1. Ranking request for peptides 29-38, 72-81: highest mean number of other beta-carbon atoms within 10 Å first, then the rest in descending order.
2. Q76 to E29: extension gain in nm, 0.36 nm per residue of separation minus the Cα-Cα distance?
3. What is the distance, in nm, between label points placed 7 Å from the Cα along the Cα-to-Cβ direction at S91 and at L39?
Amino acid sequence: MNNRQLSFDGSMCHDIANSIINELKPIIEAVIRKEFEKLQSDNVNEIPIHKEKRGMASIEPNCKDAERYSTTQTCQLLGLSYKTVIKYTNSGDLVCGFRKLQKDKQADNSRMKKFYTGSAIKKFWRSRY
């Protein structure tokens, strides 16, 4: 192949590309116009702009002060993940208690289970809001 043939092939490719672009231009413009009109007619509130941030419940947890709640229940009441509740517990921000499991009450090597009182949950929530 010589240089003359390469330049000829290059200009041919350029011409073909331009003709394809010219053919597609009205189609693309029509699709864009249609989508734009659709967006204008839709209710703006239905278009998600940002994802909601996850975080602690903005309403005070509805729990009884003296009642005991498991870690999972505490997560649900506060709107936090299990990992986050454990993090706050380990840092001392969220106070928990421990109880022996029912079947192991007489055993020396009894296992302990965490619980959170309603008052501790509310106290933690109030410290954050």
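Laboratory data are not the source of any read-out in this text; all were calculated from the coordinates shown. A quick note: this is a predicted structure, and the numbers were derived from the prediction, not measured. Every residue, glycine among them, receives a Cβ derived from its backbone with ideal geometry; neighbour counts consider all protein chains shown.
1. Numbers: 29-38: 9.9, 72-81: 17.5.
Ranking, from highest mean packing down: 72-81, 29-38.
2. Result for the pair: 12.0 nm of gain on full extension.
3. For the pair S91/L39, the computed spacing is 4.0 nm.
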